[in-house]
């Protein structure tokens, strides 16, 4: 009888209507500044199916730098960009009418680690005096946070420490391995893998020295927010589910969830990296970006000589959707 009823229904309804209750997933083109365990909640959301639950399909591309991620966003090649919020500050200060806005925070401090060629017991930033360190692209948050941390330790970049800014972000490990610089800053899992392969030693965390700062955030154009606000909301809801999973599970469980996104990284390494990032408070617990860390970001940019004026918090940061999904 059941089979007969299904056949009658198929005959009465227009072709394809039996599956019309399930809407086709919406494609979201996401450009990330780099691929790192630092962005664990995002990959957990992908691997655990949280984006699918929100009716989204993620097309992820590695931009290889914040400037390139912002270029993809402004040119319409990406719907959402994951990068340092300093990029939106730059765009705002350029006077662009459709300036981008930060709609969600993913990481809460600098995620880079200082790598040296030799193991140095009781290492402090003072050990960098008179030395050189590959810090990243000039004007990017990685090098500015490093310089901020150096100043906090009484070291003036360019005077006491040679901070090298000519190497592209995704080429820093290779440059250091090739002999450039006395030290380098690297993200995970690259830092731990580099150490295990004998390329150097993890000595310190930049984030611990620089303090809380909205290091990596999701950004969109105002046009996208206006036309696809529901899509951005669903995207942030999936990310928040990933943040909750990250906060509520042990490092091994988190590492297992991350494994498919890092097929070339051993599970033990992933677990170690998760622990290391938790120890420095790197993972944001919700996508809401508060004003105090935003103002610290502007302080860091000012000290680096990269800030013409301080854009109002309410112009650059739009927490409307982040607050909605986190409730």
Practice prompt. Inspect all residues belonging to region 295-311 and state whether any of them is more than 30 Å from residue 94 (Cβ to Cβ), surrounded by fewer than 17 Cβ atoms within 10 Å (Cβ to Cβ) and free of Cβ contacts under 8 Å to residues at least 24 places away in the same chain.
Written response: no
Discussion item. Quick check on region 52-77: of everything there that is assigned to a loop (DSSP other than H, G, I, E, B) and buried (at least 18 other Cβ atoms within 10 Å of the Cβ), which residue is modelled with the lowest pLDDT?
Written reply: 65
Item to complete: Please verify whether region 229-243 includes one or more residues that are assigned by TED's automatic domain parsing to the domain that holds residue 102, more than 20 Å from residue 327 (Cβ to Cβ) and at pLDDT 95 or above.
Response: no
Worksheet item: On the given criteria, is residue 285 surrounded by fewer than 17 Cβ atoms within 10 Å (Cβ to Cβ) and either within 20 Å of the chain's Cα centre (by Cα) or at positive phi (or both)?
Response: yes
Worksheet item: Condition test on residue 88, is it under 13 Å from the mean Cα position of the chain (by Cα), closer than 22 Å to residue 110 by Cα and in contact (Cβ under 8 Å) with a residue 60 or more places away in the chain?
Response: no
Worksheet item: If residue 81 satisfies every condition in (1) within 25 Å of residue 271 (Cα to Cα); (2) modelled with pLDDT of 95 or more but one, which is the exception?
Response: (1)
Discussion item. If a residue counts only when it is within 19 Å of residue 283 (Cα to Cα) and touching a strand residue (DSSP E or B) at 6+ places or on another chain (Cβ under 8 Å), which helices (runs of 4 or more DSSP H) contained entirely in region 93-208 have at least 2 such residues?
Written reply: 141-152, 190-196
Discussion item. For region 200-228, give me each residue that is more than 22 Å from residue 137 (Cα to Cα) and assigned by TED's automatic domain parsing to the domain that holds residue 167.
Written reply: 201
Discussion item. Can you go through 275, 220, 232 and tell me which one is buried (at least 19 other Cβ atoms within 10 Å of the Cβ) and in a helix (DSSP H, G or I)?
Written reply: 232
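The values are calculated or read from the model by the stated rules, or taken from the named source; none is laboratory data. These numbers come from a predicted model, not from an experiment. Because the Cβ atoms are built from the backbone with ideal geometry, glycine has one as well, and the counts that use them run over all protein chains shown.
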